[in-house]
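Everything below concerns the one structure shown next.
Readers should treat all values here as calculations from the given coordinates under stated rules, not as data from a laboratory. None of these values were measured; they are calculated from a predicted model. Positions of Cβ are generated from backbone atoms using ideal geometry, with glycine treated the same way; all protein chains shown enter the neighbour counts.
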Amino acid sequence: MAKLHVSTTINGEPAEFLCEPGDTMLDALRGPLGLTGSKEGCSSGDCGACSITLDDRLVCSCLMLAVEAEGQDIRTIEGMAHGEHLHPLQQKFLELAALQCGICTSGMLVASDALLRKNPKPSEEEVRFWLAGNLCRCTGYDKIVRAVLETASDMREQGTRESWQ
Amino acid sequence: MNIITNNKWIGQRTIRPDGADKVTGRAAFAADTNMPGMIWGKILRSPHPHARIRSIDTSKAEALPGVKAVVTSRDIVDFPVDKSVMLGIQDMRWMCRNVMARDKALFPGHPVAAVAATTEAIAARACELIEVDYEVLPWSIEIDDALTPDAPVLHEFIKFEGKPSNIAGRLEVKKGDIAEGFKQAEVVIERSFTTRPVHQGYIEPHACLISVAPDNKTTIWSSSQGQFMVRAMTAYLTGIPQSDIRAIPAEIGGGFGGKTIVYLEPLATLLAKKSGRPVKMVMTREEVMRATGPTSGSKSTVKIGAKKDGSIVAAQGTFYLQAGALPGSPIRGAVGCSFSPYDIPNVLSVGFDVLSNRSKVAAYRAPGAPIGAYAVECVMDELAEALKMDPLELRLKNAARQGTKAAFGPVFPRIGYVETLQAARAHPHYSAPLGKLQGRGVASGFWFNAGGESSAQVNITEDGNVVVTTGHPDIGGSRAAIANICAELLGIDYRRVSVLIGDTATIGFSNLTGGSRVLFASAMVVTQSTDKIITTLRERAAKIWEIDPEAVKWENGAAHPASPNAGKFEPLTLAELAAKAPQMGGPIGAGVQLNTEGAEGGFGTHICDVEVDPELGIVRVIRYTAVQDVGRAIHPGYVEGQMQGGVAQGIGWALNEEYIYNRDGKVDNPGFLDYRMPVCSDLPMLDTVMVEVPNPKHPQGVKGVGEVPLVPVMAAVANAIHNALGKRFYSLPMSPPRVLEVIEAKA
């Protein structure tokens, strides 16, 4: 069967790719699009290492068909920093040692950013339940939760939200 | 001893050298790399727990368009069963049979053939076309089943007490006279425990990309806990000399011990060699769960006897650990570590390595020690209750100290176990009020830690900055700690130090990332290398100033005259000396290779609060404090991270994680939905207290910190549940159905 052609927007840029009908969005990102920041930990939507946003909605790209990207707006970890400037969440993860091996980090950051866009003032419990779909085996989550809470607080104080949208 | 005080960088929470790559998605993990002309490898796995392989017909698979190579056990170097060939702690007799079944398939998921094809889909289809003629054999999964007199014996050549047996080994440590010791006891507690196998649970599945040139020159890109282990094991199993293999360590997405052996690399190497194409292999999560790791399930009995004043006079432990289908369970950790927190005159600790038709176990964070400590620390809690003593007081009364002879051999130097108990007792957590259905438990733990072979190369760049290369995959922040140490010694900003992990062709032999050895050993070789560089820098400054090198000191990143008598000269900075290097003797760099010694054991004491939901049987950890003697926290953020991560894994082991087998002898929960690791909403914040009792045998006082924090957790949780419910649990996991069983048994 001939491959399918998909036109979409990835991290604000128009993008096109070819895929098989059964390919997942994660296959397309990691394959033809060369965006390997999204990771495959389970391919069943349980680990969240492949988290992306689809029209601002947080999804596991392993559970989404690549063809579903047609005409949509996709954001991945590769689009999180602005040029040489890290997103405040990225910076805070580094400052608080909120990553160890780093394999879950892309998904954690994408998911955390999606949370703060929806809810700029989350409670600890809200952070914990929002990130419950992102497995981390190294950190015990403590420093990740602290990093998200501190970033939210910093961004509220500094009014940096707008510049990152 | 050269413990540095007033540090500028040691002890600072610096930004890790690999950090920006990891928060932007740039870091290249094993599955993130491709090569031109690359094809895909897939494995055909046994559906049976135990089966003789009569024949394998690969002709249909080979005829499928797109298939480029097929390999079976005939392609793997055979290590005859009658002669042990050790590589570290692994026996190649078992490794060659683990990567590919030979005469028998030994567990569901055991590889029987591998295929490389132009797409993953074709490779998968080709696996289905391979015809394997199996003679299905009786099998056993659980320890008790494997030890019955009529149990199917996995390997006729393995004998115990003269007969073919599923007991593959026995290990004993002994101190004093155990019978005499128990005669003196006034209170004796003896209990039996079981634990289930649990997986390391790294989020990154095993993966590799391998190219083999026609002259056998082999490049391996894979994620592992040791590129030199990958090189050596692949060489042994493929027959390619080590000198022809370059193993490049990808960033590793978690290991916890589970990536200290190879699964894919020998198969992908043979497929690449046969096909003439680079071969990429990536395991699915289901393959990871069925065919890699886990650590042992266990069955143990622990008996401890004490005088009425609380002094322990005798302790005995018997530990049966599952090896999986090939020998090698971590009985050493269970037998050696369990009683080590205590100064006990009479100890007998015995372990048995038990075979059954499960995947071969792999190391998991302090291998064996958490299993032993779970039993011992639960019995300690009952002993404290029987003696009407506070459980921390009982531990303090019997605590191992400097001069205590551990049952497994060594006499402890200055150790910090007592300090962990005192810190736990003084912590506000220990006296915080508890609510209804809440309980508090404590437990301690010990891990040996390890030294061994490490190499480092430190080079000064022409612009006066520093590149450090070591040979250990960085699994949790070791590069950040190495940058701190090198910057401290050179007196420069840590951001001027780049820390890289070399491949097998670019750095000297370095043993595995494991045993909590990496920073201990790396710091030694990096310190010695940096000291050599400082000597060179002083010599060069001395030459420029025409004074004696002894009259030059190195301080704040520059050479200075050592005293007013040495003469008056403007300091020469690292950058200035680097710029003069071509005229002053050439490049500035130094490498050191050592077999490091002096890794002293580590101790921790944990406090856990739980709340039990008696309707649902759900246990929630509501507060947790881990106290540990960390030697010296070179980068406190990553030391805390090790402690928190170990605790989280232990909570999973205690409350939910287990392999569930169905009637066909297969794992029924080979995915993250049903193999339930802790998620963010399952846990509270995890408090840490780092007690720093520097290791007297290390230049910076470093002790291993990565493994100790898993050891006490299961007992701390079990003891907390007892405190909440007044009921003891003797098996893991304490999952909702089991908690309900115990609660309902009460009514």
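Observations on the model:
- Between A:Ser123 and B:Asp82, the simple spin-label model (points 7 angstrom out along Cα→Cβ) gives 7.1 nm.
- Within segment B:582-617: backbone nitrogen closer than 11 Å to the B:Leu437 label point (7 Å, Cα to C-beta): B:611-617
- Our note on the geometry: Cα centres of segment B:665-685 and segment B:412-438, 29 Å apart.
- For the protein assembly as shown, a simple Cβ point-charge model (Lys and Arg +1, Asp and Glu -1, everything else neutral) yields a dipole of about 1520 debye relative to the Cα centre.
- The chymotrypsin sites (Phe, Trp or Tyr not before Pro) of segment B:560-653 include none that meets both conditions, a loop assignment by DSSP and at most 10 other Cβ atoms within 10 Å of the site Cβ.
- Applied to segment B:588-597, the Karplus parametrisation 6.51 cos²θ - 1.76 cosθ + 1.60 on θ = phi - 60° returns per-residue 3J(HN,Hα) values of 10, x, 7, x, 9, 10, 9, 9, 6, 10 Hz, with x for Gly and Pro.
- Of all segments of chain A bounded by trypsin sites (Lys or Arg not before Pro) found in a DSSP loop with no more than 15 other C-beta atoms within 10 Å, the longest spans A:4-160.
- For segment B:51-103: Kirkwood Rh in Å [reciprocal of mean 1/r, alpha carbons]: 13.0
- Relative pair counts by distance (%), Cα atoms of chain B, 10 Å bins: 3, 14, 23, 24, 19, 11, 5, 1, 0
- The ellipsoid equivalent to the alpha-carbon distribution of segment A:1-148 has semi-axes of 27, 15, 13 angstrom, derived from the gyration tensor eigenvalues as √(5λ) and listed largest first.
- Here the Karplus curve 6.51 cos²θ - 1.76 cosθ + 1.60, taken at θ = phi - 60°, turns the phi angles of segment B:213-229 into couplings of 7, x, 8, 6, 5, 10, 10, 10, 10, 8, 9, 7, 8, x, 5, 6, 5 Hz, with x standing for Gly and Pro.
- Look at the dipole of the protein assembly as shown built from charges on Cβ: of B:Pro266, A:Cys101, B:Gln90, the Cα furthest out on the positive end belongs to B:Gln90.
- Between the amide H of B:Leu87 and those of B:Met92, distances stay under 5 Å, these residues lying 5 or more places away or on another chain, with hydrogens modeled in the peptide plane.
- Taken over segment A:4-79, the alpha-carbon convex hull comes to 71 cubic angstrom per residue.
- Coordinate range along principal axes, alpha carbons of segment B:510-591, Å, largest first: 50, 27, 18
- Applying both filters, DSSP loop and at most 11 other Cβ atoms within 10 Å, to the trypsin sites (Lys or Arg not before Pro) of segment B:56-161 gives B:Lys83.
- Charge dipole magnitude, Cβ of K and R +1, D and E -1 - segment A:4-79, Cα centre, debye nearest 20: 220
- The distance between label points at B:Asp57 and B:Leu740 comes to 5.0 nm (points 7 Å beyond Cα on the Cα→Cβ vector).
- In sequence order, segment B:24-31 has phi-based couplings of 10, x, 7, 4, 9, 8, 4, 8 Hz under the Karplus curve 6.51 cos²θ - 1.76 cosθ + 1.60, θ = phi - 60°, and Gly or Pro positions carry x.
- For segment B:453-482 versus segment B:702-741, the gap between their alpha-carbon centres in whole angstrom: 38
- Long-range HN-HN contacts of B:Ile415 with modeled amide H, under 5 Å: B:Gln402
- Distance histogram for segment A:88-164 (every C-alpha pair counted, 10 angstrom bins, percent rounded to whole numbers): 21, 59, 20, 1
- Residue (of B:His472, B:Asn398, B:Ala456) at the positive-pole extreme of segment B:390-472, dipole from beta-carbon charges: B:Asn398
- Per-bin percent of Cα-Cα distances, the protein assembly as shown [10 Å]: 2, 12, 21, 25, 21, 13, 5, 1, 0
- For A:Asn11, the residues 5 or more places off, or on other chains, whose built amide H falls under 5 Å of its own are A:Ile74, A:Arg75, A:Thr76.
- Debye log10 I(q)/I(0) for segment B:622-678, one point scatterer per Cα, at q = 0.21 Å⁻¹: -0.83
- In segment B:154-244, GluC sites (Glu not before Pro) in a DSSP loop with at most 15 other beta-carbon atoms within 10 Å: B:Glu156, B:Glu161, B:Glu186
- Its relative contact order, with pairs defined as Cα atoms under 8 Å and 6+ residues apart, puts segment A:88-164 at 44 percent.
- Proximal lysines relative to B:Lys666, as straight alpha-carbon distance under 20 Å, when same-chain residues fewer than 8 apart are discounted: B:Lys104, B:Lys360
- Relative contact order for chain B, counting Cα pairs under 8 Å that sit 6 or more residues apart, in percent: 15
- Part-to-part distance (alpha-carbon centres) for segment B:132-149 and segment A:55-72, which is given in Å: 46
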